[in-house]
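Everything below concerns the one structure shown next.
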Amino acid sequence: MKVHLKTLGCRLNEAELETWAQAFQNSGHQITRQAEAANLIVINSCAVTQDAARKSRQLIRRVHRENPAAKLVVSGCYATLNQQEAEQLMGVDLVVSNKDKDKLVEKTLAELNLDTMPAMSTEPGAISLFIRGRQRAFVKVQDGCRYRCTFCIVTVARGEERSRPLQEVIDEINALHQQNIKEIILTGVHLGGYGSDLDSNLTDLIKAILAETDVPRIRLGSLEPWELPDDFFPLFDNPRLMPHLHLPLQSGSDTVLRRMARRCKTQEFANIVSRLRQINPLFNITTDIIVGFPGETEQEWQDSLEFIRQVGFGQLHIFTYSPREGTKAASLPNPVQDPIKKQRSQQLHQLGDEMRLRFYHDNLGKQFPVLWEGYSELVGSDRQRVFGYTPNYLKAACVISKDKSLENKTTLATLKTVSDACILVEQTE
């Protein structure tokens, strides 16, 4: 049987896809990149915003329309929060809620009567990661969240915190490294809460990975800024732990942060950034910002804008607030009018572009080891532009001969010129 996997949303969804892909393969099935060639299609949906839920519905409908003969399984946050609606969408054969995600492959094979065919298992080494064209792997280490930020529906969709046993994570990373994976990204709904149910913590996990695996690059997914203990920061002295963190700020105004039920004040956030940049002046800190949260006054917005400017992020992920049924924020008074939200979003996008380019320029002339991707663009008839990432997560590009390949290789490169959304490296052979 040929299985096609699709996802919307967060890196955790990506990690779950990798796990399912390998489980399907272990059951004797083949992963395919072509949805139209699949006998079974699995969609990992998202519902972090109303727009994400809408896109999930659209994807489900489109997939069925393009391959109506394939069995269709839907999981993820949209399917969990709107299970009855998802079950009634045309073409959906099975909905697997988040609490049963770990059993998705088993439930799919059993409930849809899909026989396993071990003789047709993919050849060793042709794992889903490479079939889907990746040089790095997302590794899910925990699920669920104990906190209840007033704007967030994901904690409702994902449930209570559950951490994977440390040895299980180590074993998965070692298996991925044996398959020539050069970089892993640890992910979770509440990554900083890893180990809360295992008498352990994220620092212990990272120390174990550094000690018991040889994977060259380790990245961390989104981390709540209030959960970085003192013993976390020295971990970055090890060059295998990449100097980039995504720390969701959400607002640069303390009064707005209180209404959001966030647990980190702006001064505390600034102190964290300062500590990271003492470790490495080119440490890349990226963040999420919500524009137009209920009750956000002009003064609060200006305070937020100024704080964001002072911190100087490498990149902003900007979300315009929209009410999400089932969250406390949806019932808060004094909603911000759409024209004001649009104006503030435009301001923040402009500031985000300025900060991103400034950070790019700060890195010019520096030499970094770049892990090159498989994606390339033709440049003329005999050359190609290839792309990769520096340790601090800057996208780099260089031009090489069409018949050369840097895919999944790490080479030293000097960053020379800023161009659009990447930094150009000297042309190399």
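Tell me the net charge near VAL189. Cut-off is 12 Å between Cβ atoms, VAL189 excluded, with +1 for each Lys or Arg and -1 for each Asp or Glu.
Details: positive: ARG11, LYS101, LYS140, ARG146, ARG158, ARG162; negative: GLU16, ASP143, GLU160, GLU161, GLU224.
Cβ neighbours under 12 Å give a net charge of +1.
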Mind listing which trypsin sites (Lys or Arg not before Pro) in the stretch 29-119 are in a DSSP loop and have 13 or fewer other Cβ atoms within 10 Å? ARG33
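Return HIS29, HIS317, HIS190 ranked ascending by Cβ neighbour count within 10 Å, so the fewest neighbours appear first.
Working: HIS29 25, HIS317 14, HIS190 22.
Lowest count first: HIS317, HIS190, HIS29.
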Charge context of LEU228, other residues only, Cβ under 13 angstrom, K/R +1, D/E -1: -3
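Using only C-alpha positions, report the orientation-averaged shadow area of the convex hull of the stretch 367-425, nm², one decimal. Write out the running numbers ahead of the final one.
Values: hull surface 14.9 nm².
With the hull built on Cα positions only, its mean projection is 3.7 nm².
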P(r) of the chain in 10 Å steps, Cα pairs, percent per bin? 4, 19, 28, 29, 16, 3, 0
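Nearest 5 percent is fine: what portion of the DSSP beta bridges confined to the stretch 133-361 is antiparallel?
10 percent
Every read-out reported here was derived from the displayed coordinates using simple, explicitly stated rules and does not represent laboratory data. Keep in mind it's a predicted model, so treat the numbers as computed, not measured. Positions of Cβ are backbone-derived with ideal geometry, glycine not excepted, and every protein chain shown enters the neighbour counts.
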